[in-house]
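Quick note: the coordinates plus some simple rules give every number you see, no bench work behind them. Computed from a prediction, not measured in an experiment: that's the story for all the values here. So basically every Cβ, Gly included, is an ideal-geometry build from the backbone, and we count neighbours across all protein chains shown.
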Amino acid sequence: MVGVQIMYIQTSNDDLKKMYSRFNPNSALTSEELEDYYVNMDQNEIKVEELENSLVISYETRQPVKLLFMGHRGSGKSTALNYLVSLLNRERGTNFLIIYYDILELLDNNDIDYTDILFTILSKIMAEAKANGIEIKTSLVKSVPEWWNKTNIANIFDNSDENLNEIKFISYLFETLSRMKNESTARKEIRGGIQPRVTELITIINNVIEEVEKSEKQVLVIIDNLEKCNHSKTLELFHYNSSQLALPKCNIIYTFPISLRSSNHFIEIKSYFHDVIVYPNIPIYDIEGVLQINSRNFMKEVAEKRISLDLFTPDALEYIIEMSGGVLREYIRIIRASALRAISRKKSLIDKSIAVEIINENKDVYQHLLKLDSETCELLKEISETKYIGNDERLMGLLHDLCVLEYKDKTSWYDLNPIVRLILEENNIIEGR
């Protein structure tokens, strides 16, 4: 038998440092990075097209849409939304005033209330209108301090200022948001004042939207990262307050946690919105367990857009792709951690032993998340066998923590996170693939 010698191209420590810096799991692709790093995948492009088509029809019919954009944490929703905004700016820049923001930059992710979100919508629309040279009439600007003073909250507006203008007004709004994010006492006081008069706040928001849309631009509000907020708070937010969140008379896209699909309240929540668009993970295997070549090639291209694939041994990259479960952020996280480990070990590339080390450390994380009692084990075993989940609230935590992952071929189906699968196999709870 003739031996086959595999040749690797010489790489340097600097290449691994570039890899580390270019694979940041906590940063979605910006509009500037999309051109260099974005990779098309048909199943995902369809979802972006659905969002775009909903908005185009809304513009043409003058009927604003309220959408929930749902997917696992790390599935690529933020990058998809950045791509959507880039498309709209390029193709329909005169049609929309786009207000796209990360809710976690404005509010405390462990304590978010629907009144907080409505207040951010007012503040961001006002600021974006001003930045785009869209004038808001003075009487409308002054209606906010008048409303505020009725709430019996300590004044944030300088009532002695007879020359209150939009710039000062917007500054006051964002000062308030800063206090709401960073001061729990102020947050409770502000909410306590707003809640009895929230109908008036919504009226003001809608008056501002109407004023802005006189410019012939429709308002589009996109609020990202709501699914990263405290899980119980997010359920409370949408269960009890979806009706209020849908009241602003503009186009709105809220990101929405996929775990809440297993809530008994999901059908009720869904009824307040025009559509729920699911952004799926990448299926490395199909529902029958057959390796998907297109998916594997997509994952490779995501890496190759950022760095040379010569920095991996072939078996290492294949292993990382498989163990990511097709969750893009986890894929990027594993690559980054592997790059750092290789640098620390003074290696010039990532081999499979490095990748296995990183996955084993991830196993420890999931071991702490999982409660392997008999009930949970039976539930996970059933999902592994049937690829199906019912409307079972026990699944909300498992979906939220990425222990169970959703995929889509012709229909939606579910499977265990590959790292969770390893844990169950090692504990003889399920058989190996």
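The table that follows gives values for the structure above.
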read-out	value
Inter-site label distance for V290 and N152 at 7 Å from Cα along Cβ, in nm	6.8 nm
Total formal charge among the other residues, if their Cβ is under 11 angstrom from that of S139, Lys/Arg +1 and Asp/Glu -1	0
Amide H partners (placed H, <5 Å) of I99, local residues excluded	L220, V221, I222
The chain, helix-only ellipticity at 222 nm - DSSP H runs n ≥ 4, -39,500 (n - 2.57), divided by all residues, nearest 500	-17000 deg cm²/dmol
Burial ranking of peptide ranges 421-427, 316-322 (average Cβ count within 10 Å, highest at the top)	316-322, 421-427
With Cα atoms, 0 to 90° folded angle of helix 42-61 axis to the chain main axis	20 degrees
Nearest-0.05 FRET efficiency for E304 and D42, computed from C-beta distance (R0 30 Å)	0.95
Within the range 77-120: backbone nitrogen closer than 14 Å to the H265 label point (7 Å, Cα to C-beta)	112-115
Neighbour net charge for T313 - beta-carbon separation under 13 angstrom, K R +1, D E -1	-2
Two-site FRET efficiency, K352 against C377, from Cβ-Cβ distance with R₀ of 45 Å, rounded to 0.05	0.95
Charge sum, other residues only, whose C-beta stays under 13 Å from V365's C-beta, Lys/Arg counted +1 and Asp/Glu -1	-2
Rounded to 5, percent antiparallel among DSSP beta bridges of the chain	20 percent
Mean Cβ count within 10 Å, highest first, over the residues of peptides 116-129, 185-198	116-129, 185-198
Set K124/K214; K124/K270; K150/K228; K270/K300; K47/K228; K77/K217 screened for pairs whose C-alpha atoms are more than 27 Å apart	K150/K228; K270/K300
Anisotropy class of the range 42-278 from Cα gyration tensor, a/c 1.5 cut	oblate
Residues in the range 64-82 that a label on V276 would reach, taking backbone N under 16 Å of a point 7 Å out along Cα→Cβ	66-73
Label zone at S21, where the point sits 7 Å out along the Cα-to-Cβ direction: the range 343-366 residues whose backbone N lies under 20 Å	343-350
Potential extension, K142-E105 segment - 0.36 nm per residue separation minus Cα distance	10.7 nm
